[in-house]
Amino acid sequence: MSAMPHASSSAARFVSVDEIRTRFSRAMSEMYRKEVPQYGTLIDLVADVNAVALQADPELRQRMGKSGELERLDVERHGAIRVGTAEELATLRRLFAVMGMEPVGYYDLSVAGVPVHSTAFRPVHDEALLANPFRVFTSLLRLELIADEALRAQAAEILQRRRIFTPRALELIAQAERDGGLDSSDADAFVQQALETFRWHSDATVDAATYNALQKAHRLVADVVCFKGPHINHLTPRTLDIDLAQADMPTRGMDAKDVVEGPPQRACPILLRQTSFKALKEAVRFTDADANADSAGAHTARFGEIEQRGVALTRKGRALYDELLGLVRGIDSAGSAAPDYAHRLQQVFTQFPDTHEQLRRQGLAFYRYRLTEHAQAQLPQGAAEADLEALITRGLVQAEPITYEDFLPVSAAGIFQSNLGGEEQKQYQAHAAQQVFESALGASVHDEIALYEASEQQSRAQVLGMLAGAAA
């Protein structure tokens, strides 16, 4: 019986998982800024673009301010890493859980010639997303897609030898799991120890010949297998105008990719649009560097990305999006590399409604419902009996777009391809392997659309409950 007070007093001294996530994302951003100075330039560019966008659209500023989106804008980041074994992936799941991040969605990128499948670790509750929406797109190498059997076995053996987590990080993960959290001092230690997994190491773990053989199989295979850990390969700030950011990148010395991935420019942004500056060539030192002067080389992996997030689409909306995108990409095999791709995309997507009222009424996108200030001050007679659309028309309820927190397989693959080299267009058998991935992960991934459905339904029930309570 005496354990209960002890447990509650322990819980009281723990910092929240949201706070640990915020400390980690700040530390990661600071580390990456030092490792890739152009990332700092990117952050400055995005800050300038966002200031222009908010000044030009007071209604957007007001809406974001009311929903809490404005406060999260400057801190918002997503990163991406790639690991090589089931054990590494499962341990990452435990590491991210300490920060309140859970696996959401399954992405099979093999359909785009990229030999990985992935999930996104992120917060899943509305309050946690507003506190800090840090997310990490995490990919597991699919060794079975390496055609050369001997090379596949060699890659597996190399990966089995490495340890990407510090002993102290593993201790703190186990401690957080056992005790239900970390105090402030241990949380700081956890952040510093976890950072080591994501740090860049210019010393390769293989000789030059092995690196070259793995790179010939696929550049991404070499990136995953040949280094001490899964160095963070990009961090992504969120912009409110990705087209302006794309246009400004060259003026700041950044080699921008040719097109923005995802849906076209719209009055009501949907899902996710992404662009990046192309990956940098970085000096690496192979294990036989002393014996072979030619074995000092370069590796291309890390880059800077920008994203613009729009409203999350329902299953009906996603089906329409996929259908329209398929029409554009189906015209030729070049996909987004085609010279007239942006024009064709814009033309085809005129079939996708572009006002929030149309998106909501047609059931294409998700919205969060709230009583307006007027309704909260004085509820008009009969409001409790009206349906939601009537209440919106009367100005008693407002519908706020729910931000899309996840990723697009084609978008992600396009970014991968542009930073691995345009020639990497190998097509692997297009079969999903979600069960294999979840077995490696040690957990099921959340269905991202179900999370948005739950948020919308919760807000709807809350509004109707308040109306019923006021009328009682």
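Measuring against 21 Å, Cα to Cα, the residue pairs 34/257; 228/257; 34/216; 34/281; 257/316; 228/281 contain 34/257; 228/257; 34/216; 257/316 as the ones spanning a longer distance.
Applying 1/(1 + (r/R0)^6) with r as the Cβ-Cβ distance of residue 27 and residue 150 and R0 = 25 angstrom yields a FRET efficiency of 0.05. The slack between residue 87 and residue 265, meaning 0.36 nm per residue of separation minus the straight C-alpha distance, is 60.0 nm.
Note on exposure: 444, 276 ranked by accessible area (1.4 Å probe, complete protein assembly) read 444, 276, with the most exposed listed first.
Between residue 71 and residue 372, what length comes free when the chain is fully extended (0.36 nm per residue of separation minus the Cα-Cα distance, one decimal in nm)?
So the extension gain works out to 106.3 nm.
Distance between the modelled labels on residue 322 and residue 464, one decimal in nanometres: 2.9 nm (7 Å Cα→Cβ projection). Rounded to the nearest 20, the Cβ-based charge dipole of region 220-321 about its Cα centre (Lys and Arg +1, Asp and Glu -1) stands at 680 debye. Pop the C-beta distance of residue 444 and residue 60 into the FRET formula with R0 = 45 Å and round what comes out to the nearest 0.05. The computed FRET efficiency comes out at 0.80. With protein chains left intact and a 1.4 Å probe, residues in region 56-173 average 37 Å² of accessible area per residue. Atom-type composition of the exposed protein surface of region 54-138 places 50 percent of the accessible area on carbon and sulfur (1.4 angstrom probe). Counting only aspartates and glutamates at least 8 places from residue 278 when in the same chain, those with an alpha carbon closer than 13 Å to its own are 255, 258, 305. Taking 0.36 nm per residue of sequence separation and removing the Cα-Cα distance, the residue 34/residue 179 pair yields an extension gain of 48.8 nm.
The values are calculated or read from the model by the stated rules, or taken from the named source; none is laboratory data. Values in this document were obtained by computation on a predicted structure and should not be read as measured data. Counting neighbours? That spans all protein chains shown, and the Cβs are built from the backbone with ideal geometry, glycine included. Remember, those area values only see protein heavy atoms, side chains included, never the ligands or the DNA or RNA. Shrake-Rupley method; radii C 1.70, N 1.55, O 1.52, S 1.80 Å.
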